[in-house]
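Participant: I have a structure I would like to understand better, so I am pasting it below and will then ask my questions one at a time.
Nothing in this text is a laboratory measurement; each read-out follows from the coordinates by a stated rule. Everything quoted here is computed from the prediction, not taken from an experiment. Because the Cβ atoms are built from the backbone with ideal geometry, glycine has one as well, and the counts that use them run over all protein chains shown.
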Amino acid sequence: MADTLSSAARDLIARPVLASLATLNADGSPQITPLWVDRDGDDVLFNTAQGRVKARNLERDARVAVTVVDPENQYNVVAFTGTVTDITTDGADEHIDSLAKKYLGVDSYPMRREGEVRIKVTVRTDRIAMQG
C-alpha cells in the first residue's frame, strides 16, 4: 500500500528542485542519479532514455529510493522508497518537454540525442520516510 505525500511534499516536488534516485545495479550495489521529477497524485514521475544505467536497473529491479532536498532549506526534504509501476514510451517525449519547461524554462528538451528513445517512469511511494 502506498504512502501519501503531504501538501508540503507535493509543493516541493512541484518546484524545479533536483531529486536523487537510487537504483540497484546487477551486482546489488547502489547507483545514484540526480534527475528532474514531477508527480501525478502521490506517484512520482521522471524521464530517462532507454539503455541508460538507471533504465536497465529499473527493468531488472523495480525498487527505488528517492530524495528531494529544498536548496533553500535543507530540512525541507521528501525521502521515500518506492516501486516502479510503469515504464512507457507513450507520452515520454511530451513529458521530457514539460520537465524542460519546469526546470529550464524552455518549450523543448534541448539535450536530445540522435536516435534516443525517451521513457516515462512512474514510481509508487511505498514508504515515505521524511517529508517537509
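Participant: Considering (1) surrounded by fewer than 18 Cβ atoms within 10 Å (Cβ to Cβ); (2) closer than 22 Å to A100 by Cβ; (3) not acidic (D, E), say which one G28 fails and leave the rest.
Facilitator: Of everything listed in (1) surrounded by fewer than 18 Cβ atoms within 10 Å (Cβ to Cβ); (2) closer than 22 Å to A100 by Cβ; (3) not acidic (D, E), G28 misses just condition (2).
Participant: Now a separate question. Could you check Y75 against (1) crowded, with 16+ Cβ neighbours inside 10 Å; (2) in contact (Cβ under 8 Å) with a residue 24 or more places away in the chain and say which number it fails?
Facilitator: Evaluating Y75 over (1) crowded, with 16+ Cβ neighbours inside 10 Å; (2) in contact (Cβ under 8 Å) with a residue 24 or more places away in the chain leaves (1) as the failure.
Participant: Looking at (1) out of contact with any helix residue (DSSP H, G or I) (no Cβ under 9 Å at 6 or more places or on another chain); (2) surrounded by 13 or more Cβ atoms within 10 Å (Cβ to Cβ); (3) assigned to a strand (DSSP E or B), which is the one condition that is false for I128?
Facilitator: For I128, the exception is condition (1).
Participant: Show me the strands (runs of 3 or more DSSP E) entirely contained within the range 5-66 in which 2 or more residues are over 17 Å from I128 (Cβ atoms) and touching a Lys or Arg at 6+ places or on another chain (Cβ under 8 Å).
Facilitator: Correct list: 19-24, 30-35, 43-49.
Participant: While we're on this one: Find all pairs meeting these conditions: Cβ atoms under 7 angstrom apart; at least six residues apart or on different chains; first residue within the range 104-132 and without any contact (Cβ under 8 Å) to a residue 24 or more places away in the chain; second residue outside any loop (DSSP other than H, G, I, E, B) and acidic (D, E).
Facilitator: Hits for this filter: D107/D97; S108/D97; Y109/D97.
Participant: Also: Looking at (1) polar (S, T, N, Q); (2) more than 16 Å from S20 (Cα to Cα); (3) surrounded by 13 or more Cβ atoms within 10 Å (Cβ to Cβ), which one does T89 not meet, given that it meets all the others?
Facilitator: Tallying (1) polar (S, T, N, Q); (2) more than 16 Å from S20 (Cα to Cα); (3) surrounded by 13 or more Cβ atoms within 10 Å (Cβ to Cβ), T89 fails exactly one: (3).
Participant: Anything in the range 72-88 that is within 28 Å of S29 (Cβ to Cβ) and more than 13 Å from the chain's Cα centre (by Cα)? List them, or say none.
Facilitator: Residues of the range 72-88 that are within 28 Å of S29 (Cβ to Cβ), as a first pass: 74, 77-88.
Those that are within 28 Å of S29 (Cβ to Cβ) and more than 13 Å from the chain's Cα centre (by Cα): Q74, V77, T88.
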